[in-house]
Amino acid sequence: MKHSNISVFIPHIGCPHQCSFCDQRTISGAQHAPDGDEVREICSKALSEVREPENTEIAFFGGSFTAVPRDYMIELLTAASEFVGEGKFSGIRCSTRPDCISDEVLEILKKYGVTAIELGAQSMDDTVLEANERGHSAQDVAKAGRLIKAHGFELGLQMMTGLYKSSRESDIATADAIIGICPDTVRIYPVVVLDGTKLADYYRRGEYRMMPLDDMVGMCAELLEKFEKNGIRVIKCGLHASEFVEHDMVAGYYHPAFRELCESRIYLKKIEAFAENCGYIRIAVPARDISRAVGHKKSNITYMKSKGVEVKIVPSADDKIEIIERR
């Protein structure tokens, strides 16, 4: 069942650090901090427009929600909680830093109807965290994650791939460490270099070098498979299209259909395995997956043709992936 959020941005309020990659005003497009009445207005408008409010959460994103002044946090939660319950939204979601979680904070969140907490882990490599001025350790992520789960919240972890001083190996190790924490959901954010950040300075000076987009797609495809095989739902892979991101982007792993590129790469691996030692193959896939199997701009079909294999993709009758003909 598809899940959606009503996003309320709290731009950079509460964050005790300015990370190398971060300019929340650019990412969220919001510089104004909403008050309780504005939250009520956002929620009221959304409640009249959303088709399935029972599958929708109010989401406080942007800054570190649990690090804002307590009175302000409670003001926002009080407003949001009025729109949670029977015939209204299913709950409240917030994002924060691993070092801004405590028993006291979690009790407040529970009281006001928060159901899910997402932690910006970004990396589970302390060298990478320090290089990007995160101000917390990998151990802080693990500790906060355990505490959140112990209090009965849904746990989400966010990781960034391609960070300054990271590598393919450290990103894969981060995914493995995240799996060890057993979150319910994960978001994968390939790095986008935004103007006005330290990362942009490193990039312009040649201190920060990026792998080709195609290599990043391949790695994130591997991460998608890894998380899903471990029962962890990947609720986002790639940054949302936004005029602020596109306008301020200096460099980065951005594509408007990044996740589909990754899912197409996963399909390509399956097609290659099916097509070993043959020149023609017809494969049935679920109708919803045909574009992924064919690949962006028919890239999978074109690639296999360059290897001497003609591939035909057709919709399956029973929602399965299977070989129909092979010769």
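Data for the structure
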{"item": "Some residue of the range 41-59 being among the small types (Gly, Ala, Ser), outside any loop (DSSP other than H, G, I, E, B), modelled with pLDDT of 70 or more and within 25 Å of residue 135 (Cβ to Cβ)", "result": "yes"}
{"item": "The range 244-265, subset closer than 18 Å to residue 200 by Cβ and of a type in the set (Asp, Glu), residue farthest from the chain's Cα centre (by Cα)", "result": "248"}
{"item": "Residue list for the range 226-240, filter: in contact with a strand residue (DSSP E or B) (Cβ under 9 Å, 6 or more places away or on another chain) and in a helix (DSSP H, G or I)", "result": "227, 228"}
{"item": "Checklist (1) at pLDDT 95 or above; (2) touching a helix residue (DSSP H, G or I) at 6+ places or on another chain (Cβ under 6 Å) applied to residue 214, failing item", "result": "(2)"}
{"item": "Unmet criterion (only one of (1) under 21 Å from the mean Cα position of the chain (by Cα); (2) in contact (Cβ under 8 Å) with a residue 40 or more places away in the chain) for residue 152", "result": "(1)"}
{"item": "Any hit, the range 63-80, residues being at pLDDT below 90, within 18 Å of the chain's Cα centre (by Cα), within 20 Å of residue 153 (Cβ to Cβ) and not in a helix (DSSP H, G or I)", "result": "yes"}
{"item": "Check on residue 74, touching a Phe, Trp or Tyr at 6+ places or on another chain (Cβ under 8 Å) and crowded, with 22+ Cβ neighbours inside 10 Å", "result": "no"}
{"item": "Any hit, the range 300-322, residues being under 27 Å from residue 183 (Cβ atoms) and modelled with pLDDT of 95 or more", "result": "no"}
{"item": "Any pair with Cβ under 6 angstrom, 6 or more apart, that starts in the range 165-191 at a residue that is in contact (Cβ under 8 Å) with a residue 24 or more places away in the chain and under 24 Å from residue 149 (Cα atoms) and ends at one that is surrounded by fewer than 16 Cβ atoms within 10 Å (Cβ to Cβ) and of a type in the set (S, T, N, Q)", "result": "179/230"}
{"item": "Residue in the range 19-40 that is modelled with pLDDT of 90 or more, assigned to a helix (DSSP H, G or I) and small (Gly, Ala, Ser) present", "result": "yes"}
{"item": "Subset of the range 47-66 (residues that are within 17 Å of residue 32 (Cα to Cα) and either free of Cβ contacts under 8 Å to residues at least 24 places away in the same chain or of a type in the set (A, V, I, L, M, F, W, C) (or both))", "result": "59, 60, 61, 65"}
{"item": "Flag if residue 95 is within 25 Å of residue 253 (Cα to Cα) and touching an Asp or Glu at 6+ places or on another chain (Cβ under 6 Å)", "result": "yes"}
{"item": "Whichever residue in the range 109-161 is of a type in the set (Lys, Arg) and touching a strand residue (DSSP E or B) at 6+ places or on another chain (Cβ under 7 Å) and, among such residues, is farthest from residue 89 (Cα to Cα)", "result": "134"}
{"item": "Residue in the range 269-277 that is free of Cβ contacts under 8 Å to residues at least 40 places away in the same chain, in contact with a Ser or Thr (Cβ under 7 Å, 6 or more places away or on another chain), of a type in the set (Asp, Glu) and not in a loop (DSSP other than H, G, I, E, B) present", "result": "no"}
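For (1) within 20 Å of the chain's Cα centre (by Cα); (2) at pLDDT below 95; (3) under 16 Å from residue 163 (Cα atoms), each residue gets a yes or a no:
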{"position": "186", "(1), (2), (3)": "yes, no, no"}
{"position": "193", "(1), (2), (3)": "yes, yes, yes"}
{"position": "197", "(1), (2), (3)": "no, yes, yes"}
{"position": "222", "(1), (2), (3)": "yes, no, no"}
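This table checks each residue for (1) under 18 Å from the mean Cα position of the chain (by Cα); (2) among the hydrophobic types (A, V, I, L, M, F, W, C); (3) under 16 Å from residue 64 (Cβ atoms).
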site	(1), (2), (3)
108	no, yes, yes
114	no, yes, yes
126	no, no, no
141	yes, yes, yes
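The values are calculated or read from the model by the stated rules, or taken from the named source; none is laboratory data. For clarity, every value in this text was computed on a predicted model and none was experimentally measured. FYI the Cβ positions are ideal-geometry reconstructions off the backbone, even for glycines, and counts take in every protein chain you see.
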